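For reference, the structure is listed below as structure tokens.
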Amino acid sequence: MQAYILLFNTSSAFAAERVLRSPLLGEFDFQMSLVPTPKEFLSDCGMSLLIVGGERLIDEELETFWQSVESILQSKKIHYRIQRVI
């Protein structure tokens, strides 16, 4: 699984990275990197978060992961859009 979390400004990108690196998502098998937003995705910000799921992040756990990500970002009032690519 691979996805981009597209943000709408640079401060949101850094804030999203900070809160998603917190222990709240520690139980999930994933890697996260702050990367330039791919040209094929329209976004107001030139930065996005690349999420790469590990082998154990499948099925129900994957759905729980995305629910947790969305809940965390919404609670911090960070505007975002998730673009799943794989």
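If you go through the stretch 12-22 one residue at a time, how many are open to solvent by 20 Å² or more (accessible area, probe 1.4 Å), closer than 12 Å to L73 by Cβ and either touching a strand residue (DSSP E or B) at 6+ places or on another chain (Cβ under 6 Å) or among the basic types (K, R) (or both)?
Residues flagged as open to solvent by 20 Å² or more (accessible area, probe 1.4 Å), closer than 12 Å to L73 by Cβ and either touching a strand residue (DSSP E or B) at 6+ places or on another chain (Cβ under 6 Å) or among the basic types (K, R) (or both) within the stretch 12-22 amount to 2.
What residue, of L34, L25, L7, is open to solvent by less than 20 Å² (accessible area, probe 1.4 Å) and within 10 Å of the chain's Cα centre (by Cα)? Walk me through how you get there before you give the answer.
Numbers: L34 fails: open to solvent by less than 20 Å² (accessible area, probe 1.4 Å); L25 fails: within 10 Å of the chain's Cα centre (by Cα).
Selected residue: L7, the only one of L34, L25, L7 that is open to solvent by less than 20 Å² (accessible area, probe 1.4 Å) and within 10 Å of the chain's Cα centre (by Cα).
Could you grab the pairs with beta carbons closer than 6 Å, sequence gap of 6+ or different chains, first residue in the stretch 42-53 and in contact (Cβ under 8 Å) with a residue 40 or more places away in the chain, second one part of a strand (DSSP E or B) and basic (K, R)?
Once the first residue is in contact (Cβ under 8 Å) with a residue 40 or more places away in the chain and sits in the stretch 42-53, no partner that is part of a strand (DSSP E or B) and basic (K, R) comes close enough.
Among the β-branched types (V, I, T), at pLDDT 95 or above and within 14 Å of Q2 (Cα to Cα): does that describe I78?
Values: among the β-branched types (V, I, T): yes; at pLDDT 95 or above: yes; within 14 Å of Q2 (Cα to Cα): no.
When the stated conditions are applied, I78 does not pass them.
Check off (1) touching a residue at least 12 places away in the same chain (Cβ under 8 Å); (2) over 14 Å from H79 (Cβ atoms) for D59 and give me the number that stays unchecked.
(1)
Here are some conditions: (1) in contact with a Gly (Cβ under 7 Å, 6 or more places away or on another chain); (2) touching a residue at least 24 places away in the same chain (Cβ under 8 Å). P36 meets all but one. Which one does it not meet?
(2)
Which members of the stretch 42-84 meet the condition of being open to solvent by less than 30 Å² (accessible area, probe 1.4 Å) and not in a strand (DSSP E or B)?
C45, G54, L57, F65, W66, V69, I72, L73, I78
The values are calculated or read from the model by the stated rules, or taken from the named source; none is laboratory data. Since the structure is predicted, the reported quantities are computational estimates derived from the model, not experimental observations. Methodologically, a virtual Cβ is constructed for each residue, glycine included, from the backbone with ideal geometry; neighbour enumeration extends over all protein chains shown. To get the accessible areas, we keep the full protein, side chains included, count just its heavy atoms, and leave off ligands, DNA and RNA. Shrake-Rupley method; radii C 1.70, N 1.55, O 1.52, S 1.80 Å.
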